[in-house]
Amino acid sequence: MRAMTYRGPYKVRVDEKPEPVIEHPNDAVVRVTRAAICGSDLHLYHGMMPDTRVGHTFGHEFVGVVEEVGPSVRNLSVGDRVMVPFNIYCGSCFFCARGLYSNCHNVNPNATAVGGIYGYSHTTGGYDGGQAQYVRVPFADVGPSVVPDWLHPEDALLCTDALATGYFGAQLAEIAEGDVVVVLGAGPVGLFAARSAWLMGASRVIVVDHLDYRLAKAREFAFAETLNFTEVDDVVLHLKKATDWLGADRVIDAVGAEADGNLLQHVTGAKLKLQAGSPVALNWAIDAVRKGGTVSVMGAYGPLFTSVKFGDAVNKGLTLRMNQAPVKRQWPRLLEHVRAGYLTPRDIVTHRVPLEDVAEGYHIFSAKLDGCIKPVIVVDED
Amino acid sequence: MTDAETPYVAGPARRPVDRDALRTRIPGWGADLDPADRPSYPREVYDPAVTGAHWDLPEAQPELRPRERSVEHARLTPVFGTSAPLHGASGAVRRLAYRRFSEGRAAHWFLLLLGDRVDAVESHVRSLASRRPDDPVTETGVLAEARAHGIASRRGRVDVRHQVLDPVVVAGPWVAAVGAGAWAVRALVRRARR
């Protein structure tokens, strides 16, 4: 089969690889129709995530058609059109039993600090991902769901991570009616978090980024006020003034490990890998939220340490909430919102590239060229 | 009340909200207003019956070749990925990271990052002897620059100043691979002359 493979930092190509097989009785093999490149794939692409191996296939956002099922699979049949959450999880361990699907203990031998994720290095279990013609889907009775007939394939695709993560991030922010919410980052997760904040009763939503085209999208798609942080001397001070000198009630970090805004932090974190990413957004979140407020961290960081301003968080009495999204817990409500038109996921898709052009897709997304917000890889017909 | 007074006085208990105006402007405003009626509330809900799992402990996936694992795991997990098994010098470095250091130790992660860099060098060298050597032009996707308005897209952006480091990150393993190759050839030539 044809599959995207990692060749080292900033280098990917499409290779011929053996088709996946049933390795466990509850496995399925899915023929991928569409996959997406996620902002967190860029951390792998840039060589930031430990144990990212040459030959590994990325891709944790994908939809497709069931091609084969293992002998113990009951809930799926060959030919089903499925959406697959980015989490790989057993459904029965200590953590899954409590709804912490993203923290499953039975799927990742390489680390206990994170669950299983498709195509996201061996630090999350060493599973090949969905930027390929076929993918192995473990625990087929637990993770995937059949795509409802009314749901557009690209809306289903975005439910597998970006939309679910943004919506989950807004929930973790503990938004109450009337809250002022700041979202750092106008990428796909930030846009969805900003849009979701309104559903939870926000009275103002302010999105911060440095890319004007993404801020324009935040105004149009997420009905948000926007701030280009390169146009102000001090983003924290600006946000304090914009929130009656209080600070925002809730701040959502939708940036993560490759934040710009501080050259030293960016170079030591994102380029030299001396810390687990650049905590610029996280530090701005801690400083820009009001005392007693909540910071929701949706940005992805590596497993090493980062230079976070933790003293400020303590002294301000903040609540810091974070996790990888337990995607399937979000789906019933998300699908209601998509059907009602409250959330319009595929509006953020800007680029559609064939699998054979995946290297160019990564470069465009990574370098933020051509107004790129969300690239989708078109692998096969639905 | 002026802006400058807000945090210095109590103010109202809740910020006043014009629900009708917000509902007119924002599709679905307030649809998830009740925090207790949100899908991830509360964070932990003990209900193993809802996941679809029909096992207490999943059947074990056959371990067809030795599988590295974190020392913080009591045993190999029942299911695991089989992408890109350990091999070569990078495999030795990664094996050491897994066998010797827990996830709590910085050495664990730095060794894994070192293994990644060694893996890139090994793979580049190996590809040179294959029918499909690595091609940094096509694999970096830079050919998209012209089509995707590379210059116009970057104009005035704050991140351009550190994007100049990207070629160093890309070329680093190549420089290292060439250096290692030259060293190996020199060592072989010297040995042959003895």
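Its residues counted as N, the range A:73-224 yields a C-alpha radius of gyration over 2.2 N^0.38 Å of 1.18. Projected label points at B:VAL45 and B:HIS73, each 7 Å from Cα along the beta carbon direction, are separated by 2.9 nanometres.
For the protein assembly as shown, the convex hull drawn through the C-alpha positions has a volume of 155 cubic angstrom per residue. What does DSSP give for chain A in terms of the percent of beta bridges that are antiparallel, rounded to the nearest 5? Antiparallel bridges: around 50 percent, rounded to the nearest 5.
For the residues of A:93-103, the average number of beta carbons from a partner chain within 10 Å of their own beta carbon is 4.
Using alpha-carbon positions, what is the distance between the centroids of the range B:132-194 and the range A:1-45, in Å? Each part reduced to its Cα centre gives a spacing of 23 Å.
Calculate, in whole percent, how much of the Cα-Cα pair population of the range B:1-102 lies beyond 17 Å. Above the 17 Å cut-off, the range B:1-102 has 77 percent of its Cα pairs. Listed by number, the DSSP H helices of chain B that run 30 Å or longer by alpha-carbon position along their axis and have mean Kyte hydropathy of at least -0.5 are B:106-128, B:166-193.
Considering only B:ARG105, B:ARG65, B:ARG157, the Gaussian network model of chain B with Cα springs below 10 Å gives its largest mean-square fluctuation to B:ARG157. The chymotrypsin sites (Phe, Trp or Tyr not before Pro) of the range A:218-278 meeting both criteria, a DSSP state outside H, G, I, E and B (loop) and at most 15 other C-beta atoms within 10 angstrom of the site's C-beta, are A:TRP245.
Rounded to the nearest 20, the size of the Cβ-charge dipole of the range A:43-173 about its Cα centre is 380 debye, with Lys and Arg at +1 and Asp and Glu at -1. The range B:88-194: D in µm²/s via Stokes-Einstein (Kirkwood Rh, Cα pairs, 25 °C, 0.890 mPa s)? D = 145 µm²/s. Take each peptide in A:70-76, A:307-313, count the other Cβ atoms within 10 Å of every residue, and average; sorted highest first, the result is A:70-76, A:307-313. A straight line joining the Cα centroids of the range A:116-158 and the range B:48-92 runs 18 Å. When +1 charges are put on Lys and Arg Cβ atoms and -1 charges on Asp and Glu Cβ atoms, the dipole computed for the protein assembly as shown relative to its Cα centre reaches about 1980 debye.
Measuring against 29 Å, Cα to Cα, the residue pairs A:LYS273/A:LYS368; A:LYS11/A:LYS374; A:LYS241/A:LYS273 contain A:LYS241/A:LYS273 as the ones spanning a longer distance. By the scheme Lys and Arg +1, Asp and Glu -1, what is the net charge of all other residues having a beta-carbon under 11 Å from that of B:GLN163? Summing Lys/Arg as +1 and Asp/Glu as -1 gives +2. Ranked by how many other Cβ atoms sit within 10 Å of their own Cβ, fewest first, the residues A:LEU215, A:LEU199, A:LEU246, A:LEU184 fall in the order A:LEU246, A:LEU215, A:LEU199, A:LEU184.
Taking every residue in A:172-184 and counting other chain Cβ atoms within 10 Å of its Cβ, the average works out to 3. Taking other C-beta atoms within 10 angstrom as a stand-in for reagent exposure, A:SER366, A:SER102 fall in the order A:SER366, A:SER102, fewest first. Estimated at 0.36 nm per residue, the fully extended path between A:ASN315 and A:ASP15 surpasses their Cα-Cα distance by 102.8 nm. Taking other C-beta atoms within 10 angstrom as a stand-in for reagent exposure, A:TRP198, A:TRP331 fall in the order A:TRP331, A:TRP198, fewest first. Per residue of B:107-113, other chain Cβ atoms within 10 Å of the residue Cβ number 6 on average.
Kirkwood's formula applied to the C-alpha pairs of the range A:169-322 gives a hydrodynamic radius of 15.0 angstrom.
The range A:230-284 and the range A:341-382 have Cα centres lying 26 Å from one another.
Computed from Cα atoms alone, the Kirkwood hydrodynamic radius reported for the range A:187-244 is 11.7 Å. Based on alpha carbons, the Rg and Dmax found for the range A:295-340 are 15.6, 44 Å. Its Cα centre serving as origin, the range B:1-145 has a Cβ charge dipole (Lys and Arg +1, Asp and Glu -1) of approximately 600 debye. Projecting the alpha carbon convex hull of the range A:98-169 along each direction and taking the average yields 5.9 nm².
Where in the range A:108-145 is the amide nitrogen less than 18 Å from a point lying 7 Å along the Cα-to-Cβ axis of A:VAL78? Only A:134-137, A:140-141 pass the distance filter. The tail of the calculated P(r) for the range A:8-160, taken as Cα-Cα distances beyond 19 Å, holds 51 percent of the pairs.
A short reminder: the numbers here are calculations on the coordinates, not readings from a lab. Only a predicted model underlies this, so the values are computations on that prediction, with no experimental measurement involved. With ideal geometry, Cβ positions are generated from the backbone for all residues, glycine too; neighbour counts draw on all protein chains shown.
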